[in-house]
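Worksheet for the structure shown next.
The values are calculated or read from the model by the stated rules, or taken from the named source; none is laboratory data. Since the model is a prediction, treat every value here as computed from it, not as a measurement. Because the Cβ atoms are built from the backbone with ideal geometry, glycine has one as well, and the counts that use them run over all protein chains shown.
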Amino acid sequence: MNKKGLIEHVASTANLTKASAGRVVNAFIGGITETLSNDDFIDLEGFGLFAVATVPGPTVCDPETGEPVLLTNLRAPKFRASLDLKTAVKNG
């Protein structure tokens, strides 16, 4: 399912117009994005945890000296599914 399909699903299940459902979906995505960009997390009980993980930076070679150089750590979004979600997916 893509974003358009999600908006249509929200509209039909919540008895909203597609425009209203679109605003809801965009607000949800925006809330997650803003929270993670502030290095915080969102825990949705029964669904999962959105958080920021620190990933070690890669080691690259300096083109001038050939010496290995360790780049700085990277921040990446991470999602950990809840047990309820894992069970629902497993059971189809």
If we ask which residues in the range 71-89 are of a type outside the set (A, V, I, L, M, F, W, C) and under 14 Å from Phe47 (Cα atoms), their number turns out to be 6
Which pairs turn up if I take residues in the range 24-49 that are touching a residue at least 60 places away in the same chain (Cβ under 8 Å) and look for partners that are surrounded by 11 or more Cβ atoms within 10 Å (Cβ to Cβ) with beta carbon separation below 9 Å, at least 6 apart in sequence or on another chain? none
List the pairs whose first member sits in the range 72-92 and is more than 25 Å from Val55 (Cα to Cα), whose second member is not hydrophobic (A, V, I, L, M, F, W, C), and whose Cβ atoms are under 7 Å apart, counting only residues at least 6 apart or on separate chains? Asp84/Gly46; Leu85/Gly48
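Which count do you get for residues in the range 38-68 that are more than 13 Å from the chain's Cα centre (by Cα) and surrounded by 12 or more Cβ atoms within 10 Å (Cβ to Cβ)? Give the steps one after another, and end with the answer.
Initially, the range 38-68 is screened for residues more than 13 Å from the chain's Cα centre (by Cα), giving 38, 45-46, 54-68.
Okay, now just the ones that are also surrounded by 12 or more Cβ atoms within 10 Å (Cβ to Cβ), so 57.
Total meeting the criteria: 1.
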Residues of the range 1-37 satisfying the condition of being of a type in the set (A, V, I, L, M) and loosely packed, with under 12 Cβ neighbours inside 10 Å: Met1, Ala14, Ala19, Ala27
Among (1) in contact with a Gly (Cβ under 8 Å, 6 or more places away or on another chain); (2) assigned by TED's automatic domain parsing to the domain that holds Asp84, the one test that Phe50 misses: (1)
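Could you check how many residues of the range 59-78 are assigned to a strand (DSSP E or B) and not basic (Lys, Arg)? I'd like the intermediate steps shown before the answer.
To start, the set of residues in the range 59-78 that are assigned to a strand (DSSP E or B) comprises 59-61, 68-70, 74-78.
Right, trim to not basic (Lys, Arg) and you get 59-61, 68-70, 74, 76-77.
Residues that pass the stated criteria total 9.
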Hey, can you tell me all the residues within the range 1-58 that are closer than 30 Å to Leu70 by Cβ and either part of a strand (DSSP E or B) or aromatic (Phe, Trp, Tyr) (or both)? Phe41, Leu49, Phe50, Ala51, Val52, Ala53, Thr54, Val55
